[in-house]
1. If you take the residues in segment 68-110 that are assigned to a strand (DSSP E or B) and in contact (Cβ under 8 Å) with a residue 60 or more places away in the chain, which one is farthest from the chain's Cα centre (by Cα)?
2. Quickly run through segment 234-266 and pick out the residues that are assigned to a strand (DSSP E or B) and either among the small types (G, A, S) or assigned by TED's automatic domain parsing to the domain that holds Y196 (or both).
3. Just to be sure before I move on: is V330 over 28 Å from A271 (Cα atoms) and assigned to a strand (DSSP E or B) in the structure I sent?
4. Looking at (1) in a loop (DSSP other than H, G, I, E, B); (2) not assigned by TED's automatic domain parsing to the domain that holds Q252, which is the one condition that is false for A315?
5. On the given criteria, is S113 in the same structural domain as A46 (by TED's automatic domain parsing), in a loop (DSSP other than H, G, I, E, B) and not aromatic (F, W, Y)?
6. Here are S276, S244: which of them is of a type in the set (S, T, N, Q) and either surrounded by 14 or more Cβ atoms within 10 Å (Cβ to Cβ) or closer than 30 Å to A42 by Cα (or both)?
7. Of all residues in segment 274-288, which are closer than 24 Å to T323 by Cβ and assigned to a strand (DSSP E or B)?
8. Do the conditions hold for T265, that is, is it of a type in the set (V, I, T) and within 19 Å of T323 (Cα to Cα)?
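The values are calculated or read from the model by the stated rules, or taken from the named source; none is laboratory data. Values in this document were obtained by computation on a predicted structure and should not be read as measured data. Virtual Cβ from ideal backbone geometry, glycine too; neighbours counted across all protein chains shown.
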Amino acid sequence: MRRCGLALLAGLLAIGCGGGGDGTGPTPGSISVSAGNNQVGAAGAALAESLAVIVRDQGGAPLVGVNVTFSVTAGGGTVSPGSRVTDAGGIAKTRRTLGPNAGTQTVNATAGSLAPVQFSAVSQINGAVNIANSTTGALTDTVGAIKAESLTVLVTNQSATPIQGVTVTWASTGGAVSATSVPTSAAGLSKVRFTYGTGAGNQSATATVTGLVGSPVAITLNGTAGTAVAIAKTAGDNGTAAVSSQVTYTVQSRDSHGNAKGGATIDWAVASGGGSIAPAQNTTAANGNASATRTLGGGTGDQTATATANGLAGAPSVTFTTTAAVLVQVADFSFTPSSLTVPTGTVVTWQWQGTTATHNVTFSTAGAPADIPNRNSGSVARTFSTLGTFDYSCTIHPAMTGHVTVTP
């Protein structure tokens, strides 16, 4: 009889001290949500109802003394306490304080080695959860124009129901919005008028309600150039080129705000220095540009050509100037041409190509112009007023030599 009693006591102790998931309590068979799931609350505030789970043994009976851990898995905020032991009914509870943003936020509850169960809650800001673009109509217009339809955003709750009275903050880049703060209407809409800025290209507006899902809403618009009213030189002016060589001139047609605008007819003409220019007429492209090739005359000095937009009001015109010169190119380790014959009084220009090593021009003949010191870019001119042959070299690279012969 005594032996049977000892065996029964040992069995009861074994049942009462059965291993939990961490070896410190009873072993749970299941965990499930008991209360507090799918609540809706204000961002940053505690939910009205505690989160509760029930833990059961292998036979389905509530299990006391099991440690349950609660952890935030999405949305921020806190749980308090982070862990709790189940009571006599197998229940463990915690309080949930939502994070600062709107949207779905979750918490997991874990007991031993069982798969966690999840609690979900919806966080609202002033009753709202979502903000989305609801703008209609074209998002392209001429610079300075007012968009025909308002920029609009829609604010709703988790059920897509419009929410009134939520203040939306508006801002813009490139253009301007009619107000910086507009509360939503009964239809959940916040609207502003947009005025395009004076610069062509992308412009934007943003609608913000901090913390809402989808915030900030970015709306991109495109301002297009207005009517062309002027032309401007963009390439080829005030350069130096070899006598009788070719240079390219480029003009750009622009609107009253300086934006490039294509479609202007340009008439090209030689103004001084002889030579030619082609084509005689062309039309500016979509980027506002039109180019012509100028063949310089045979003389040295300034030579000019004009570009005129006769089809624009006032027929705006610009003048290009190129200095025609006798050129020696300084590139790599040579002077090109290395031999020149010129009449007295000729200006010879040495032109460094900008990617070459440092070179100089040092004359070895009496009566020559002044030497040109070390450099690796730009151009320097010398006038030859004395008859004779003038030898020169680069003293850094003695193999680089040349000469200029001056005739009557």
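1. The selected residue is V85.
2. Residues satisfying the conditions are A235, G239, A241, A242, S253, A260.
3. yes
4. Of everything listed in (1) in a loop (DSSP other than H, G, I, E, B); (2) not assigned by TED's automatic domain parsing to the domain that holds Q252, A315 misses just condition (2).
5. Yes.
6. Sole residue among the options that is of a type in the set (S, T, N, Q) and either surrounded by 14 or more Cβ atoms within 10 Å (Cβ to Cβ) or closer than 30 Å to A42 by Cα (or both): S276.
7. If the condition is that a residue be closer than 24 Å to T323 by Cβ and assigned to a strand (DSSP E or B), then S276, I277, A278 are the ones that fit.
8. Details: of a type in the set (V, I, T): yes; within 19 Å of T323 (Cα to Cα): no.
No: the conditions fail for T265.
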